[in-house]
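A.B. asks: My questions will all concern the structure given below.
The values are calculated or read from the model by the stated rules, or taken from the named source; none is laboratory data. Note that the structure is a prediction, hence the values are computed from the model and not measured. Methodologically, a virtual Cβ is constructed for each residue, glycine included, from the backbone with ideal geometry; neighbour enumeration extends over all protein chains shown. Calculation scope for accessible area: heavy atoms of the full protein, side chains included, ligands and nucleic acids excluded. Shrake-Rupley method; radii C 1.70, N 1.55, O 1.52, S 1.80 Å.
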Amino acid sequence: MTSKNVVILYGSNYGFTERYSRWIAEDLRELETQPTVILSPIAEATDELIESADVLIVGASYLGGFLTGAPTLRKRREAMAKVPHRVFFTVCFNGLAVYPREYLDNRVLKSYKEEIAGGRPMFHFRGGLDLSQMTRTHKTVLAGVRTAYKLKPHANEYDKQMVESFDNGGGDYTNREDTKPLVATVAEMLQK
Ligand SMILES: Cc1cc2nc3c(=O)[nH]c(=O)nc-3n(C[C@H](O)[C@H](O)[C@H](O)COP(=O)(O)O)c2cc1C
């Protein structure tokens, strides 16, 4: 049996989504079907690379309503449409701990359009903050968010985690275990 190709494209500013992509790649390479797994930042993806995939996985971090790299990847819709299996994931500070699944699913649908993402499996993971790497603009935005959360009369656990992470130079809520359902979904696709 010839091995199938999985292409993982990621949009990541500070490495959290890239880390999830690497974890997923490692687990997929361990599967009995032994797929060839290629990782690439969205910015470096070509139509040829996308079209070579039996399964395309697109991961992107969520920053204030937008998915990292989505405008770039949207231009490759025709190539994406040729891939039989497509899977999407997002990474953000709050993840499903705070956002309803439907909300994050909709961010994906809006970003890549219904024809590409509609009815496709979607997963949502928690990331973190790393202030040592962060651009001045991003820090300024988050400083505003931090102040707003700090002033909230009933801050929840996740609001507090955000404030703490900001004040401590960072915080990491990534969890490799959370990728297992995605890996299982792709494993099934590779059997077909
Ligand atoms: C400017 C900015 C805005 C953000 N907005 C949100 C947000 O609205 N909701 C959220 O849960 N996380 C938000 N985050 C947190 C990121 O989603 C989180 O840092 C993520 O792990 C980044 O992943 P990446 O390094 O792969 O880009 C924001 C981060 C930055 C820097």
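A.B. asks: Identify the single condition in (1) more than 9 Å from the ligand (Cβ to nearest atom); (2) in a loop (DSSP other than H, G, I, E, B); (3) open to solvent by 60 Å² or more (accessible area, probe 1.4 Å); (4) in contact (Cβ under 8 Å) with a residue 12 or more places away in the chain that Gly119 does not satisfy, given that it satisfies every other one.
C.D. replies: Just one mismatch for Gly119, condition (4).
A.B. asks: Just one of (1) open to solvent by 70 Å² or more (accessible area, probe 1.4 Å); (2) under 17 Å from Arg22 (Cα atoms) trips up Arg126, so point out which.
C.D. replies: (1)
A.B. asks: If you check every pair at least six apart or on different chains, which have Cβ atoms under 7 Å apart with a residue in region 15-41 that is over 16 Å from Lys180 (Cβ atoms) first and a residue that is of a type in the set (Lys, Arg) second?
C.D. replies: Thr33/Lys4; Pro35/Lys4; Val37/Arg29; Leu39/Arg22
A.B. asks: Within the set of pairs 6+ apart or on separate chains, which have a first residue in region 130-158 that is touching a residue at least 60 places away in the same chain (Cβ under 8 Å), a second that is exposed (fewer than 10 other Cβ atoms within 10 Å of the Cβ) and assigned to a loop (DSSP other than H, G, I, E, B), and C-beta atoms under 7 Å apart?
C.D. replies: Partner pairs satisfying both residue conditions: Val141/Gly64.
A.B. asks: In region 5-34, what residues are surrounded by fewer than 20 Cβ atoms within 10 Å (Cβ to Cβ) and more than 16 Å from the ligand (Cβ to nearest atom)?
C.D. replies: Across region 5-34, the qualifying residues are Asn5, Glu26, Asp27, Arg29, Glu30, Leu31, Glu32, Thr33, Gln34.
A.B. asks: Would you point out the residue of region 41-67, among those that are in a loop (DSSP other than H, G, I, E, B) and at pLDDT 95 or above, that is surrounded by the most Cβ atoms within 10 Å (Cβ to Cβ)? Give the steps one after another, and end with the answer.
C.D. replies: Taking region 41-67 as the starting set, the residues that turn out to be in a loop (DSSP other than H, G, I, E, B) are 45-46, 52-54, 64-65.
Add one more test, that the residue is at pLDDT 95 or above, and what stays is 45-46, 52-54.
On the way: Ala45: 22, Thr46: 11, Ser52: 16, Ala53: 25, Asp54: 18.
Taking the candidates together, the pick is Ala53.
A.B. asks: Restricting attention to region 135-179, which residues are closer than 30 Å to Thr36 by Cβ and open to solvent by 90 Å² or more (accessible area, probe 1.4 Å)?
C.D. replies: Scanning region 135-179 gives a single hit, Glu177.
A.B. asks: Looking at the structure I just gave you, is Ile38 over 13 Å from Gly127 (Cα atoms), open to solvent by 20 Å² or more (accessible area, probe 1.4 Å) and either within 10 Å of the ligand (Cβ to nearest atom) or out of contact with any Phe, Trp or Tyr (no Cβ under 7 Å at 6 or more places or on another chain) (or both)?
C.D. replies: Values: over 13 Å from Gly127 (Cα atoms): yes; open to solvent by 20 Å² or more (accessible area, probe 1.4 Å): yes; either within 10 Å of the ligand (Cβ to nearest atom) or out of contact with any Phe, Trp or Tyr (no Cβ under 7 Å at 6 or more places or on another chain) (or both): yes.
Criteria met by Ile38.
A.B. asks: Could you check Leu96 against (1) closer than 15 Å to Thr17 by Cβ; (2) open to solvent by 20 Å² or more (accessible area, probe 1.4 Å); (3) within 11 Å of the ligand (Cβ to nearest atom); (4) of a type outside the set (Lys, Arg) and say which number it fails?
C.D. replies: Going through the list (1) closer than 15 Å to Thr17 by Cβ; (2) open to solvent by 20 Å² or more (accessible area, probe 1.4 Å); (3) within 11 Å of the ligand (Cβ to nearest atom); (4) of a type outside the set (Lys, Arg), Leu96 breaks only (1).
A.B. asks: A further question on this structure: Name the residue, out of Tyr173, Tyr112, Tyr158, Tyr149, that is away from the ligand (no atom under 16 Å from the Cβ) and of a type in the set (Phe, Trp, Tyr).
C.D. replies: Values: Tyr173 fails: away from the ligand (no atom under 16 Å from the Cβ); Tyr158 fails: away from the ligand (no atom under 16 Å from the Cβ); Tyr149 fails: away from the ligand (no atom under 16 Å from the Cβ).
Result: Tyr112 is the single residue among Tyr173, Tyr112, Tyr158, Tyr149 that is away from the ligand (no atom under 16 Å from the Cβ) and of a type in the set (Phe, Trp, Tyr).
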